[in-house]
Structures are given as structure tokens and as C-alpha cells.
Amino acid sequence: EAAAAIALDLVDAVRADDALPPVRAAVTYGMVLSREGDFHGPTVNLAARILKLAPMNGVVASQATTDALGPDTGIDIDSLGAIEMQGMAEPVELAALRRS
């Protein structure tokens, strides 16, 4: 929940500042490997891929993320459906996140 809220806050803050270019964000949830100050693994790879699908000034999340969100977060989840992505064996369920 915290990661989704931070992503939405970041996008909102950048959008409110005319001096900054538009941004996009992606949130995934899962195990990662930390090595020498960097993170690795399927969760990181998924985040990199879905970030490219996020609209400018928007936040996209994986199904694992939306499944982890509680009911009273103030975050609406709009399904984008299952999307096929290079390097992924199965289509990935994605959703756009926005404030309620």
C-alpha cells in the first residue's frame, strides 16, 4: 500500500509543478535479490516492462500489487486486462491506479 501511495503522490507532485516534465510510475510486488546496492529478479524485470506501458502522469500496477492493496486505501484500481509482454511466459494482469 505504501509503494502505491508513494507512486501516486510522486506523479501528482510532478504534475503540479510546471517546471518538471511528465512522469510515469509502475508498482510491482514480490521477492527481489539485493546485491551491491542494486535489485534483481523477476519482480524488477516486470516493473521495468510495465513502466513502459504506463501513461504519462499515470501509475500502472501488477496484479500482485493490486491483490496486496487493502479495501480502504483510497486507491481505485482500473483493470487493463492481461497483456502479453516480451520475456514473460504468460500474459500479465495489469491495472491503472488512481486516487478515489
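The values are calculated or read from the model by the stated rules, or taken from the named source; none is laboratory data. Here the structure is a predicted model, which means the values were calculated and not measured. Glycine also receives a Cβ, built like all others from the backbone with ideal geometry; neighbour counts cover every protein chain displayed. Ligands, DNA and RNA are excluded from the accessible area calculation, which covers all protein heavy atoms including side chains. Shrake-Rupley method; radii C 1.70, N 1.55, O 1.52, S 1.80 Å.
Take Ala89 and tell me if it is part of a loop (DSSP other than H, G, I, E, B) and either open to solvent by 80 Å² or more (accessible area, probe 1.4 Å) or in contact with a Phe, Trp or Tyr (Cβ under 6 Å, 6 or more places away or on another chain) (or both).
Spelling it out, Ala89 is indeed part of a loop (DSSP other than H, G, I, E, B) and either open to solvent by 80 Å² or more (accessible area, probe 1.4 Å) or in contact with a Phe, Trp or Tyr (Cβ under 6 Å, 6 or more places away or on another chain) (or both).
Exactly one of these conditions fails for Arg15: (1) in a loop (DSSP other than H, G, I, E, B); (2) open to solvent by 70 Å² or more (accessible area, probe 1.4 Å); (3) in contact with a Pro (Cβ under 9 Å, 6 or more places away or on another chain). Give me its number.
(1)
Can you name the residue in segment 18-38 that is surrounded by 11 or more Cβ atoms within 10 Å (Cβ to Cβ) and among the small types (Gly, Ala, Ser) and, of all such residues, is modelled with the lowest pLDDT?
Per the criteria, the residue is Gly30.
What number goes with the only condition from (1) part of a loop (DSSP other than H, G, I, E, B); (2) surrounded by 12 or more Cβ atoms within 10 Å (Cβ to Cβ) that Gly70 does not pass?
(2)
Identify the single condition in (1) in contact with a strand residue (DSSP E or B) (Cβ under 6 Å, 6 or more places away or on another chain); (2) modelled with pLDDT of 95 or more; (3) not polar (S, T, N, Q) that Gly41 does not satisfy, given that it satisfies every other one.
Of everything listed in (1) in contact with a strand residue (DSSP E or B) (Cβ under 6 Å, 6 or more places away or on another chain); (2) modelled with pLDDT of 95 or more; (3) not polar (S, T, N, Q), Gly41 misses just condition (2).
Mind counting the residues in segment 42-60 that are assigned to a loop (DSSP other than H, G, I, E, B) and surrounded by 13 or more Cβ atoms within 10 Å (Cβ to Cβ)?
Residues that pass the stated criteria total 4.
Please count how many residues of segment 42-100 are over 13 Å from the mean Cα position of the chain (by Cα), on the phi > 0 side of the Ramachandran plot and touching a residue at least 24 places away in the same chain (Cβ under 8 Å).
2
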